[in-house]
Amino acid sequence: MNETENQACPLCDLRADFQVVDLGNRKQFRCLECGSFQITRSAEKRLKSCPGEWKTELSRKASGAAVGSILDISIPSPSSDQSSRNEIKSAFISTYGLGK
């Protein structure tokens, strides 16, 4: 079982708990404001320089996740055909098999 740590939520800046998952490549957060979501370390770094609206939208999406799903936030691969506006991608994934 991974150790629970806490830090400022990368989406809303409130104090949140997280566990390191995916061999250290992601953090899985539980935030009172945003709910549960996971984010890659590279996306977390990029969010620091993104417009505040991006964080607000990701927070809204994460808090609205259906039961049995969680928002996964990452950076598109270099080969993806993404516009510069979509430097961070998000998608809902099943929580089945994820650490609690």
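The values are calculated or read from the model by the stated rules, or taken from the named source; none is laboratory data. Small disclaimer: the values here were computed from a predicted structure and weren't measured. Ideal geometry is used to build each Cβ from the backbone, glycine not excepted, and the neighbour counts take in all protein chains shown.
Would you check which residues across the stretch 43-69 are hydroxyl-bearing (Ser, Thr, Tyr) and farther than 25 Å from TYR96 by Cβ and list them?
Scanning the stretch 43-69 gives SER49, THR56.
Is it the case that SER36 is in a loop (DSSP other than H, G, I, E, B), among the hydroxyl-bearing types (Ser, Thr, Tyr) and either at pLDDT below 95 or under 18 Å from PHE92 (Cβ atoms) (or both)? Break it down into steps so the answer makes sense when it comes.
On the way: in a loop (DSSP other than H, G, I, E, B): no; among the hydroxyl-bearing types (Ser, Thr, Tyr): yes; either at pLDDT below 95 or under 18 Å from PHE92 (Cβ atoms) (or both): yes.
So SER36 does not fit the description; no.
Confirm whether SER49 is of a type in the set (Ser, Thr, Tyr), within 21 Å of PRO76 (Cα to Cα) and part of a loop (DSSP other than H, G, I, E, B).
yes
Assess whether LYS27 counts as being out of contact with any strand residue (DSSP E or B) (no Cβ under 9 Å at 6 or more places or on another chain), crowded, with 17+ Cβ neighbours inside 10 Å and either modelled with pLDDT of 90 or more or not in a strand (DSSP E or B) (or both). Before the answer, list the steps.
Working: out of contact with any strand residue (DSSP E or B) (no Cβ under 9 Å at 6 or more places or on another chain): no; crowded, with 17+ Cβ neighbours inside 10 Å: yes; either modelled with pLDDT of 90 or more or not in a strand (DSSP E or B) (or both): yes.
Considered against the rule, which asks whether it is out of contact with any strand residue (DSSP E or B) (no Cβ under 9 Å at 6 or more places or on another chain), crowded, with 17+ Cβ neighbours inside 10 Å and either modelled with pLDDT of 90 or more or not in a strand (DSSP E or B) (or both), LYS27 comes out as no.
Please pick out the residue among SER42, SER49, SER59 that is small (Gly, Ala, Ser), surrounded by fewer than 21 Cβ atoms within 10 Å (Cβ to Cβ), out of contact with any helix residue (DSSP H, G or I) (no Cβ under 7 Å at 6 or more places or on another chain) and in contact (Cβ under 8 Å) with a residue 24 or more places away in the chain.
Residue meeting the stated conditions: SER42.
Is it the case, given these coordinates, that LEU23 is closer than 24 Å to SER77 by Cα and within 13 Å of the chain's Cα centre (by Cα)?
So LEU23 fails the test.
Being of a type in the set (Gly, Ala, Ser) and modelled with pLDDT of 90 or more is the filter here; which residues of the stretch 66-100 pass it? Steps first, please.
Just the residues of the stretch 66-100 that are of a type in the set (Gly, Ala, Ser), to begin with: 66, 68-69, 74, 77, 79-80, 83-84, 90-91, 94, 97, 99.
Once the filter is applied, which keeps residues that are of a type in the set (Gly, Ala, Ser) and modelled with pLDDT of 90 or more, the stretch 66-100 yields ALA66, GLY68, SER69, SER74, SER90, ALA91, SER94.
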